[in-house]
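This report concerns only the one structure given below.
The values are calculated or read from the model by the stated rules, or taken from the named source; none is laboratory data. Note that the structure is predicted; figures quoted are calculated from it, not measured. Here the Cβ positions follow ideal geometry from the backbone for every residue, glycine too, while neighbour counts run over all protein chains shown. With ligands, DNA and RNA removed, areas are computed over all heavy atoms of the protein, side chains included. Shrake-Rupley method; radii C 1.70, N 1.55, O 1.52, S 1.80 Å.
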Amino acid sequence: MTVIEVNGLTKRYGDRTVVDGVSFTVAEGEIFGILGENGAGKTTTVECISGLRTPDAGTISVFGLDTRGDREQLRRLIGVQLQESQLQDRLRVGEAMQLYSSFYPDPADWRELLAAVGLTEQVRMPYAKLSGGQKQRLSIALALIGNPRVAILDELTTGLDPRARRETWKLIRQIRDRGVTVLLVTHFMDEAERLCDRLAVFDGGRIVALDTPAALIANVGDVDGYRANLEDAFLALTGTGRDN
Amino acid sequence: MSALTRLAGSEARLFLREPMSFFFALAFPTVLVVVLGNAIPAFSEPSPDFGGERPINLYLPVVLALAVGTVTMTSLLSVLSQYRERGVLKRLATTPVKPSTLIGAQLAVNIAALVAGAALMMAAAAVVFGSRGPENWPALLVAFLLGSAAMIGVALFIAAVTPNARASAGVGSLVYFPMLFFAGVWTPGDMMPEGARRVADFTPLGAASQALQDAWHGGWPQPLHLAVTAAYAVVTGILAIRLFRWQ
Ligand SMILES: Nc1ncnc2c1ncn2[C@@H]1O[C@H](COP(=O)(O)OP(=O)(O)O)[C@@H](O)[C@H]1O
Ligand SMILES: [Mg+2]
């Protein structure tokens, strides 16, 4: 079953086209990755899907609903972790979870969710006192609080140390195992390769390749006598039209 | 309970946890009146120059205007622009609740804090200086609410047109200090020069202050002052709604 269907998505700022005719579909239960360098148009794309920005052209549907349509119904189906979004400094972890769970008709048990992201001990801690990794995990928990059927996660491991990143990856797999479809934005090759079932490689606002990580790598073959990895595949696919 | 009441409850808790907002809204008017009244003995002595009134009594309605200006131009403005800059509004936009609900909650909390701070100040003035309090309560309430609405509109407008929290704070203080002057903080009652008063009539806090002073002394505010505050509230409010960026 198709969960997200994006068709010819185009977004301009002034006369700059930052997302240019992007089309892809995400199937139920997938971890679908959007991989690209900074400025490739990844955030713009997922924020259009989340209904936070209005596309200049193209159509997007989520579970068959047009994203310009019923605001509330759409937001009950989609949980979003934004790339840059904080909470009020003095808001406590448990208060945030309770408050956000009250926004949904059928929320998850917020204590269970806090336990799942390993923040049970921080329940009374104000947001400002959390570490970077803890803030990210709270952000994931808030994205899942409404029992969404799709989770959109934008660069959620940026700024985390290696151990925290691996724990976050484990968490994302658990989310998928609960039956949630995941749309994951990243610029990390290892993250994309380990986690994603399929990847859309973005470059300059367009999709330059869309396949499983293994197939993307296999297409490159060997590089300088070594088996290629995803980074080799990525470099081979992107950067056309640039100087180097 | 609706999302608005839940958010207002949460924002009220946060407000009380923030020492600065807590002080300026709830304690500042009282502290100012008590300190002034005690520091300058002549302030609390009946004076023939003021028709046998205590000068402090002339100052009390001006302090109400000062409180409105301080809360709106400092706490409210900085919270609004920070909520946008830090992505709090945007995160809310990903939920079924609209981010404007959070702004509504903030307004409710600030108005409640203003009313509480004003009540506290009047009670303190009654206890410490034997102030009789306002002589026309309904008129005072109208003037207070209209003045607050005008200054809330100005705060929303500044938050809407400035690019970030720093710029909001900068513009806020550029507006704040002249506004205090026109409200008569340095020249209460009839002490404001005639030329300044003519300008003050057309500033939101100046008009509010005049209306508050008229009501305090038993009269009704001049239609001009009610019209000016109402016009600021409506025009800046509409502009803010049209211009506000949520991210
Ligand atoms: N609100 C905006 N106004 C103008 N330009 C923008 C805006 N948002 C993003 N851009 C530009 O669009 C391009 C794509 O941005 P973005 O989607 O955030 O990329 P990514 O998430 O892949 O790093 C960037 O060059 C960025 O500067
Ligand atoms: Mg991005």
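Taking the residues in segment A:33-63 that are within 14 Å of chain B (Cβ to nearest Cβ) and open to solvent by 40 Å² or more (accessible area, probe 1.4 Å) as candidates, determine which candidate is farthest from the chain's Cα centre (by Cα).
Restricting to residues being within 14 Å of chain B (Cβ to nearest Cβ) and open to solvent by 40 Å² or more (accessible area, probe 1.4 Å), the top hit is A:Thr54.
A:Leu114 - would you say it is open to solvent by less than 20 Å² (accessible area, probe 1.4 Å), under 21 Å from B:Arg86 (Cα atoms) and touching a helix residue (DSSP H, G or I) at 6+ places or on another chain (Cβ under 6 Å)?
No: the conditions fail for A:Leu114.
A:Glu30: acidic (Asp, Glu), away from chain B (no Cβ under 14 Å) and either open to solvent by 40 Å² or more (accessible area, probe 1.4 Å) or in contact with a His (Cβ under 6 Å, 6 or more places away or on another chain) (or both), yes or no?
Details: acidic (Asp, Glu): yes; away from chain B (no Cβ under 14 Å): yes; either open to solvent by 40 Å² or more (accessible area, probe 1.4 Å) or in contact with a His (Cβ under 6 Å, 6 or more places away or on another chain) (or both): no.
Judged against the criteria, A:Glu30 is not a match.
Looking only at segment A:205-222, how many residues end up being open to solvent by 50 Å² or more (accessible area, probe 1.4 Å), over 17 Å from A:Val26 (Cβ atoms) and without any contact (Cβ under 8 Å) to a residue 40 or more places away in the chain?
Looking only at that region, the number is 5.
Got a number for residues in segment B:209-225 being open to solvent by 50 Å² or more (accessible area, probe 1.4 Å) and either under 13 Å from B:Leu145 (Cα atoms) or not in a helix (DSSP H, G or I) (or both)?
3
Considering every residue within segment B:44-59, establish whether at least one is on the phi > 0 side of the Ramachandran plot and modelled with pLDDT under 95. Outline the logic, then answer.
If we filter segment B:44-59 for residues that are on the phi > 0 side of the Ramachandran plot, which is where we start, we get B:51-52.
Narrowing further to those that are modelled with pLDDT under 95: B:51-52.
For segment B:44-59, residues on the phi > 0 side of the Ramachandran plot and modelled with pLDDT under 95: present.
Looking at B:Ser173, is it small (Gly, Ala, Ser), within 17 Å of the chain's Cα centre (by Cα) and either open to solvent by 40 Å² or more (accessible area, probe 1.4 Å) or within 14 Å of chain A (Cβ to nearest Cβ) (or both)? Let's see the steps before the verdict.
Working: small (Gly, Ala, Ser): yes; within 17 Å of the chain's Cα centre (by Cα): yes; either open to solvent by 40 Å² or more (accessible area, probe 1.4 Å) or within 14 Å of chain A (Cβ to nearest Cβ) (or both): yes.
Yes: the conditions hold for B:Ser173.
Mind listing whichever residues of segment A:1-19 are within 16 Å of ligand 2 (Cβ to nearest atom) and either of a type outside the set (Val, Ile, Thr) or more than 22 Å from A:Leu156 (Cα to Cα) (or both)?
A:Leu9, A:Lys11, A:Tyr13, A:Arg16
State whether one or more residues within segment B:190-201 are closer than 15 Å to B:Gly69 by Cβ and assigned to a helix (DSSP H, G or I).
Scanning segment B:190-201 turns up at least one residue that is closer than 15 Å to B:Gly69 by Cβ and assigned to a helix (DSSP H, G or I).
Any residue at all in segment A:43-56 that is assigned to a strand (DSSP E or B) and within 12 Å of ligand 1 (Cβ to nearest atom)?
no
Taking the condition over 21 Å from A:Val150 (Cβ atoms), open to solvent by 40 Å² or more (accessible area, probe 1.4 Å) and assigned to a loop (DSSP other than H, G, I, E, B), does A:Gly21 pass?
In short, no.
Mind checking which residues of segment A:109-138 are touching a residue at least 40 places away in the same chain (Cβ under 8 Å) and not in a helix (DSSP H, G or I)?
Across segment A:109-138, the qualifying residues are A:Val117, A:Gly118.
Looking only at residues in segment A:65-106 that are within 20 Å of B:Tyr83 (Cβ to Cβ) and aromatic (Phe, Trp, Tyr), which one is farthest from ligand 2 (Cβ to nearest atom)?
A:Phe103
Out of the residues in segment A:66-86 meeting the condition of being at the interface with chain B (Cβ under 8 Å from one of its Cβ atoms) and of a type in the set (D, E, K, R), tell me which one is farthest from A:Thr181 (Cα to Cα).
A:Glu84
Out of B:Ser21, B:Ser78, report the one residue that is touching a Gly at 6+ places or on another chain (Cβ under 8 Å), within 14 Å of another protein chain (Cβ to nearest Cβ) and in a helix (DSSP H, G or I).
Result of the check over B:Ser21, B:Ser78: B:Ser78.
What are the residue pairs meeting all of these: first residue in segment A:181-202, first residue within 14 Å of chain B (Cβ to nearest Cβ), second residue open to solvent by less than 30 Å² (accessible area, probe 1.4 Å) and away from ligand 1 (no atom under 13 Å from the Cβ), Cβ atoms under 8 Å, and 6 or more apart or on different chains?
Filtered contacts from segment A:181-202: A:Leu183/A:Ile4; A:Leu183/A:Val26; A:Leu183/A:Phe32; A:Leu183/A:Val150; A:Leu183/A:Ala151.
Which residues, counting only those in segment B:137-164, are open to solvent by 20 Å² or more (accessible area, probe 1.4 Å) and part of a loop (DSSP other than H, G, I, E, B)?
Scanning segment B:137-164 gives B:Pro163, B:Asn164.
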